[in-house]
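The values are calculated or read from the model by the stated rules, or taken from the named source; none is laboratory data. Bear in mind that the values here come from a model prediction, so they are computed numbers and not experimental data. Reconstructed Cβ throughout: ideal geometry from the backbone, glycine too, with neighbour counts over all protein chains shown.
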Amino acid sequence: MSINMERVAELTESEGRRLNERTRGSQRMYERASEHLAGGVASSYQLRDPWPIYLERGQGPKVWDVDGNEMWDFHNGFGSMLQGHAHPVIGRAVAERYALGTHFAAPTEDAVVVGDNLAERWGLPKWRYTNSGSESTMDAIRIARAYTGRDTVMKIFGSYHGHHDTVMVSIGVPYDQIGDHDAPASLSYGAGIPDAVVRMTVPVHFNDARSMEQRIIQLEAEGRKPACVIMEPAMMNLGVVLPEPGYLEAVREITERHGVVLIFDEVKTGLCIGPGGATRRFGVRPDLVTMAKALGGGLPSGAIGGTEEVMSVVEDHSVYQVGTYNGNPLVMAAVRANLEQVLSPEAYEHLDHLNDRILAGCNRVIEAYDLPGYAVGLGGKGCVTFSPEKVIDYETFKEHQNEALSDLAWLFNMNRGIFMTPGREEEWTLSVTHTDEAIDAYVDCFEELAEAITSK
């Protein structure tokens, strides 16, 4: 069977109209919000043309929008709600803490207990807290710079590591602007980022350790050896791109040999793909790890873990890792309950079961309808990648991904009760409250799409 791209275009138009008709309440909310909220949203990543979908409530694995549309939630707050919505265990912990006071700007016992738990899970002895993934990666880079005495930062081309200037580089770049594979371009992601900062951040491609080492050697010869390499151990904003066998081990060896701090950005992978994140799953320990999203059970939270050596610059007061709300008692109560009572071994067994099932179902459909793509994932994360070739980095993603199919798939999902993250780069996130019924609904929707785009 072959895909009828004319049919894809027709379906995209009709499904778009259908979604607009189903979300007139969101349209009205958008018109109201646009008066005082810039762009009508709280974050640019919430935007959608012609209007975003405004949600009213969530319970367990489901959400309801302002029009009353009930949907299985595979978006889960950009991967934050691994626990499901309104989890009673976390709710009780927050309520109990609220009665005792919500903020002191002073440490509490829960912060100590959470640090002990994270140290055991990740095998990194020293921890500090933040309030978001952006804060975590920003502080981790500052720590690495202080520890090495160097300024240059190396990142993976196409990866998103938060919205601070240093890492808002070489994301969402058109294919013809990527540049040479072994020396890809440093390009600002949007306006307002100083050129000097852009030049200080050097991208390299994922799954290419040889090219990374070559670039490190070149930069050292230029007198700007990197302080750190910051990377997701599995890329989570090109759908899902897994590390090739031996790649992470090679990166670890290269960074150690050259005295470059290795930072694993586990804001997305973190607790979502296993109890000790990608660090434990792949068996490669970085010098620093950054976390957020699923950590807080829906409350703004973040953390940085590190070795004794690298975190020494925090302990000796060389680096001021500060924040009024760092270790906020309300958040720490939620995190503690999340780690101790919700994300249990049984919870991870359940997530693995669900993801194995959805991946198998999607791959069955792909094979049956001869679609150009594959399903890939780990733990609570996964996606269907519409590409005839395996995506291993940003180059292959931009070269081979069928953007039209990705856009249509999102519309199909939304119109059939599957709430997905907007954007063709995103993946699904399951929760511990998802069931086989939810998985069946997703796969059934995908098969309906497959049948529609392969029909004559």
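Looking only at helices (runs of 4 or more DSSP H) that fall completely inside the stretch 283-379, which ones have 2 or more residues that are out of contact with any Ser or Thr (no Cβ under 8 Å at 6 or more places or on another chain), hydrophobic (A, V, I, L, M, F, W, C) and under 30 Å from residue 58 (Cβ atoms)?
Working: elements: 308-315, 329-337, 345-369.
Answer list for the stretch 283-379: 329-337, 345-369.
Within the stretch 93-104, which residues are surrounded by 21 or more Cβ atoms within 10 Å (Cβ to Cβ) and aliphatic (A, V, I, L, M)? Before the answer, list the steps.
Quick first cut of the stretch 93-104, residues surrounded by 21 or more Cβ atoms within 10 Å (Cβ to Cβ) only: 93, 97.
Scanning the stretch 93-104 gives a single hit, 93.
Within the option set 275, 300, being within 17 Å of residue 123 (Cα to Cα) and surrounded by fewer than 20 Cβ atoms within 10 Å (Cβ to Cβ) holds for one residue only, 275. A residue that is surrounded by 14 or more Cβ atoms within 10 Å (Cβ to Cβ), within 19 Å of residue 304 (Cβ to Cβ) and touching a His at 6+ places or on another chain (Cβ under 6 Å) occurs somewhere in the stretch 153-173. Residues considered: 35, 15, 56, 21. Of these, the only one that is assigned to a helix (DSSP H, G or I), surrounded by fewer than 15 Cβ atoms within 10 Å (Cβ to Cβ) and acidic (Asp, Glu) is 21.
Given the structure, is residue 166 closer than 30 Å to residue 403 by Cβ and in contact with an Asp or Glu (Cβ under 9 Å, 6 or more places away or on another chain)? When the stated conditions are applied, residue 166 does not pass them. The residues of the stretch 211-233 that are basic (Lys, Arg) and either closer than 14 Å to residue 183 by Cβ or surrounded by fewer than 15 Cβ atoms within 10 Å (Cβ to Cβ) (or both), listed by number, are 215, 224.
Quick check: anything in the stretch 422-435 more than 19 Å from the chain's Cα centre (by Cα), outside the structural domain of residue 240 (by TED's automatic domain parsing) and of a type in the set (A, V, I, L, M, F, W, C)? No, that holds for no residue.
Scanning the stretch 304-327 for residues that are small (Gly, Ala, Ser) and in contact with a strand residue (DSSP E or B) (Cβ under 8 Å, 6 or more places away or on another chain) returns 305, 306, 323, 327. Annotation: residue 107 fulfils all but one of (1) touching a residue at least 40 places away in the same chain (Cβ under 8 Å); (2) loosely packed, with under 15 Cβ neighbours inside 10 Å; (3) assigned to a helix (DSSP H, G or I); the unmet one is (3). If you go through the stretch 385-402 and pick out every residue that is assigned to a loop (DSSP other than H, G, I, E, B) and touching a His at 6+ places or on another chain (Cβ under 8 Å), you end up with 5. Taken as a whole, the stretch 17-37 holds no residue that is under 30 Å from residue 452 (Cβ atoms), under 23 Å from the mean Cα position of the chain (by Cα), assigned by TED's automatic domain parsing to the domain that holds residue 433 and acidic (Asp, Glu).
Of these, 208, 182, which one is farther than 18 Å from residue 256 by Cα, among the charged types (D, E, K, R) and surrounded by 14 or more Cβ atoms within 10 Å (Cβ to Cβ)? Give the steps one after another, and end with the answer.
Values: 208 fails: farther than 18 Å from residue 256 by Cα.
Result of the check over 208, 182: 182.
The set of residues in the stretch 261-275 that are touching a Gly at 6+ places or on another chain (Cβ under 7 Å) and assigned to a loop (DSSP other than H, G, I, E, B) comprises 266, 267, 268, 269, 273, 274. Among the residues of the stretch 388-405, are any over 22 Å from residue 269 (Cα atoms) and of a type in the set (Phe, Trp, Tyr)? No - not one qualifying residue is present in the stretch 388-405.
Among what's in the stretch 77-92 and is in contact with a strand residue (DSSP E or B) (Cβ under 6 Å, 6 or more places away or on another chain) and closer than 19 Å to residue 273 by Cα, pick the residue that is surrounded by the fewest Cβ atoms within 10 Å (Cβ to Cβ). Even if it seems obvious, please write down each step before you answer.
Filtering the stretch 77-92 down to residues in contact with a strand residue (DSSP E or B) (Cβ under 6 Å, 6 or more places away or on another chain) leaves 79, 84-86.
Still in the list and also closer than 19 Å to residue 273 by Cα: 79, 84-85.
Numbers: 79: 26, 84: 23, 85: 20.
My answer is 85.
Close contacts from the stretch 313-328, counting a first residue that is surrounded by 19 or more Cβ atoms within 10 Å (Cβ to Cβ) and a second that is assigned to a loop (DSSP other than H, G, I, E, B), with Cβ to Cβ under 7 Å and a gap of 6+ residues or different chains, come to 313/319; 314/321; 326/131; 327/107; 328/103. Each residue in the stretch 402-456 was checked for being of a type outside the set (Val, Ile, Thr) and under 17 Å from residue 81 (Cα atoms), and 10 pass. For residue 141, indicate whether it is of a type outside the set (Asp, Glu) and farther than 26 Å from residue 400 by Cβ. Yes.
Could you tell me whether the stretch 250-257 includes any residue that is within 28 Å of residue 82 (Cα to Cα) and either at pLDDT 95 or above or touching a Lys or Arg at 6+ places or on another chain (Cβ under 8 Å) (or both)? Taking every residue of the stretch 250-257 in turn, none turns out to be within 28 Å of residue 82 (Cα to Cα) and either at pLDDT 95 or above or touching a Lys or Arg at 6+ places or on another chain (Cβ under 8 Å) (or both). If you take the residues of the stretch 38-53 that are assigned to a loop (DSSP other than H, G, I, E, B) and touching a helix residue (DSSP H, G or I) at 6+ places or on another chain (Cβ under 8 Å), which of them is surrounded by the fewest Cβ atoms within 10 Å (Cβ to Cβ)? Per the stated criteria, the residue is 50.
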